[in-house]
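Here is the structure we will look at.
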Amino acid sequence: MEDAKLLRKLRKEMQKVQDGKRYEHTLGVEFTAAALAMRYGASVMDAQVAGILHDCAKCLSDEKRLKICKKHNIPVSDVERRSPFLLHGKAGACLAEGKYGIQNKPEILNAIRYHTTGRENMSLLEKIVFVADYIEPGRRHAPNLTEIRNLAFENLDAAVLCILKDTLDHLKTAGGEIDPMTETVYRYYLDRQ
């Protein structure tokens, strides 16, 4: 399918399944991922597709996300079982492949899968979507947002590290449960600075 036609189709699909606020966020992530891809020499098309689909499972119920993971034999941690909204990346990768036709594109699927917690040794596209999700233009209330937005176009790894640190700090302050993957990924990128 022609690139422009695929993007239009995916946007229409997301508009159907997401509420207005989530859809605006999705468009912001698509736009920001494309800009970061241009900056760092990644595939702009892959960045746009991953950006459009990154939250395709966000509006599903917790039960549906758990069911998708079970059906596809995706391991679910204790933290994810207690907070199934954390599974929207994993479930989203399944939907992207099965429902939205993203076949033979493991880079795109992994960018969707890991956009929430990140993972050790992320690919360029994975880092782009992870950062784009945090800095997209509609985001208003994240700590250090202006600094991270600037940093994202100067040093992507440093932006990933700042996002992870701010996320962990926020969860500790708010008393939220921390996914161990986020701590592992933070230590990984901290050791590489």
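The values are calculated or read from the model by the stated rules, or taken from the named source; none is laboratory data. A quick note: this is a predicted structure, and the numbers were derived from the prediction, not measured. Cβ sites come from the backbone with ideal geometry, for glycine too, and all protein chains shown count toward neighbours.
Listed values, structure above:
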| quantity | calculated |
| --- | --- |
| Selection from region 43-68 of residues that are surrounded by 22 or more Cβ atoms within 10 Å (Cβ to Cβ), touching a residue at least 60 places away in the same chain (Cβ under 8 Å) and of a type in the set (Gly, Ala, Ser) | Ala47, Ala50, Gly51 |
| Subset of region 1-42 that is of a type in the set (S, T, N, Q) and buried (at least 17 other Cβ atoms within 10 Å of the Cβ) - its residue that is farthest from Ala111 (Cα to Cα) | Gln18 |
| Residue tally, condition small (Gly, Ala, Ser), over 17 Å from Glu126 (Cβ atoms) and at pLDDT 95 or above, over region 58-90 | 1 |
| Residue, modelled with the lowest pLDDT, within region 162-193, restricted to residues that are of a type in the set (S, T, N, Q) and either assigned to a loop (DSSP other than H, G, I, E, B) or over 16 Å from the mean Cα position of the chain (by Cα) (or both) | Gln193 |
| Looking only at region 127-141, and only at residues there that are out of contact with any Asp or Glu (no Cβ under 8 Å at 6 or more places or on another chain) and free of Cβ contacts under 8 Å to residues at least 60 places away in the same chain, the one that is nearest to Val49 (Cα to Cα) | Phe130 |
| Of all residues making up region 69-86, the number that are part of a helix (DSSP H, G or I) and touching a residue at least 60 places away in the same chain (Cβ under 8 Å) | 4 |
| Selected residue [of a type outside the set (Asp, Glu), closer than 16 Å to Ala37 by Cα and surrounded by 14 or more Cβ atoms within 10 Å (Cβ to Cβ)] from Leu145, Leu161, Leu124 | Leu124 |
| Single match in Ala159, Ala142 (criterion: at pLDDT below 95 and under 16 Å from the mean Cα position of the chain (by Cα)) | Ala142 |
| Candidate set from region 87-112 (those that are assigned to a helix (DSSP H, G or I) and touching a residue at least 60 places away in the same chain (Cβ under 8 Å)); member that is farthest from Asp133 (Cα to Cα) | Glu107 |
| Selection within region 156-181 - in contact with a helix residue (DSSP H, G or I) (Cβ under 9 Å, 6 or more places away or on another chain) and among the polar types (S, T, N, Q) | Thr167 |
